[in-house]
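The values are calculated or read from the model by the stated rules, or taken from the named source; none is laboratory data. From a predicted model like this one, the values you see are computed outputs, not experimental measurements. Backbone-built Cβ (ideal geometry, glycine too); neighbour counts: all protein chains shown.
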């Protein structure tokens, strides 16, 4: 932005559209540019992102609650997840958990991160404001270029008219025999030069209009009529009354680029505090609920004998109380057990846990120590950046005051020079009509007056721009009224 201010130059050119379109003033041009500018939109998104980051740290203070469910099949020899028994079967299972946790203390990391996020959000807003200021100043510069180009074209056209009148007067003198015919050539050359300046001025206006429309991101073919307020530059405050110290102190309070640098310096300081939190222990509490289901979880209290088969085997000799006898061997098969229902399994397998976790850092490969050292370097860099911003602002303010003072003197001098050249031209014109001056002298006087008038226009808008730059540093709105 500062380079754009210091690199300001006026565009030469002119063209005054006469139409019934709506008149655009500087405020409307600035508003349109800010609405359409992509850099402004990007800055606004950065602000939105930083605000979301701020919310993230605000919510980090709250406990967390998470639920999970797992389901699948196990094949072959495996462990039944509900009984912890080894089984040789295909098992369908599902597990469910509900866990909660709350970080009680972590070395003030969350609180410092929250403070840093607030500072970063404020810095993003200041940066976005600075972007808007930069675009506004560019638009104001382009707007003044258009006004300058329009006035330059009006002057060029007046000069063509005046040269035409001079040629007509010269023709009368030639026909009357007062002046020789070859003197007409000097006046004709002057007229051609004035007509050439009209073309140059028109091209300059077209370029100035295009530049302004490009800044506003509107269609170059859009017909726009610009407001031309009546401005007396000498009625503006005398920049000689401003001191660099007073303007600098005002700029420190109004320039968002300074506010952004100072906020980022504070943010870096919080970064160091965050890095120190790695040396502190952390405490958290947790709790959870869980349960499980398996299709191999059988209810052995309710056997089903409906399909039971009894198989008798051969008699086996035995001695019972000293007496020989036999017993019949038999076996049972087909006894089945029902699977415990899903709801009953959830109830039987329901578990709860609650506890406290304490984590004490002892040695972490110097990670925490290095993080603190890096954050301190970042803090020093932020301090230097803030000092550089203040230093650059002071330089810009001093240059702005000096440029405004020089522009005022230049404008006053140009006005005096124009008055003198205009008086000289009028005196020479009378002498020329009486035949006491030749056409070359007359044309030279006309050229001197035209050049002096151009210098007045240049000085006028140079001074207006320099005063607008001073208003910018003083925090005043960009307006020509």
Residues satisfying the stated conditions in the stretch 230-243, i.e. under 15 Å from residue 461 (Cβ atoms) and surrounded by 11 or more Cβ atoms within 10 Å (Cβ to Cβ): 231, 233, 234, 236
When both residues are 6+ apart or on different chains and their Cβ atoms are under 6 Å apart, which pairs have a first residue that lies in the stretch 448-462 and is without any contact (Cβ under 8 Å) to a residue 24 or more places away in the chain, and a second that is outside any helix (DSSP H, G or I) and surrounded by 20 or more Cβ atoms within 10 Å (Cβ to Cβ)? none
In this structure, is residue 217 touching a residue at least 60 places away in the same chain (Cβ under 8 Å), in contact with a helix residue (DSSP H, G or I) (Cβ under 7 Å, 6 or more places away or on another chain), over 30 Å from residue 433 (Cα atoms) and surrounded by fewer than 16 Cβ atoms within 10 Å (Cβ to Cβ)? yes
Quick check on this structure: which one of 244, 235, 275 is under 20 Å from residue 472 (Cα atoms) and either in contact with a helix residue (DSSP H, G or I) (Cβ under 7 Å, 6 or more places away or on another chain) or touching a residue at least 40 places away in the same chain (Cβ under 8 Å) (or both)? 244
Has the stretch 144-167 got at least one residue that is on the phi > 0 side of the Ramachandran plot and within 51 Å of the chain's Cα centre (by Cα)? no
Working carefully through the options 99, 112, find the one that is farther than 30 Å from residue 227 by Cα and crowded, with 19+ Cβ neighbours inside 10 Å. 112
The stretch 172-187: number of residues that are touching a residue at least 12 places away in the same chain (Cβ under 8 Å) and surrounded by 15 or more Cβ atoms within 10 Å (Cβ to Cβ): 6
In the stretch 422-455, what residues are touching a helix residue (DSSP H, G or I) at 6+ places or on another chain (Cβ under 6 Å) and closer than 30 Å to residue 241 by Cβ? 452, 453, 455
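Listed here are the residues, each with its yes/no results for (1) assigned to a helix (DSSP H, G or I); (2) surrounded by fewer than 17 Cβ atoms within 10 Å (Cβ to Cβ); (3) touching a helix residue (DSSP H, G or I) at 6+ places or on another chain (Cβ under 6 Å).
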site: 357; (1), (2), (3): no, yes, no
site: 365; (1), (2), (3): no, yes, no
site: 386; (1), (2), (3): yes, no, yes
site: 397; (1), (2), (3): yes, no, yes
site: 400; (1), (2), (3): yes, no, yes
site: 404; (1), (2), (3): yes, no, yes
site: 409; (1), (2), (3): yes, yes, no
site: 412; (1), (2), (3): yes, yes, no
site: 420; (1), (2), (3): yes, yes, no
Right, residue 246: at pLDDT 90 or above and buried (at least 21 other Cβ atoms within 10 Å of the Cβ) or not? no
Look through 264, 259 and report the one residue that is at pLDDT 85 or above, in a helix (DSSP H, G or I) and under 30 Å from residue 364 (Cα atoms). 264
Can you tell me which of 34, 51 is farther than 30 Å from residue 213 by Cβ and either under 48 Å from the mean Cα position of the chain (by Cα) or surrounded by fewer than 11 Cβ atoms within 10 Å (Cβ to Cβ) (or both)? 51
Can you give me the ranges of the strands (runs of 3 or more DSSP E) entirely in the stretch 58-150 with at least 3 residues that are free of Cβ contacts under 8 Å to residues at least 24 places away in the same chain? 64-74, 77-79
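Rundown of residues vs (1) within 30 Å of residue 114 (Cα to Cα); (2) not in a helix (DSSP H, G or I), yes/no style:
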position	(1), (2)
161	no, no
168	no, no
187	no, no
198	no, no
211	no, no
229	no, yes
273	yes, no
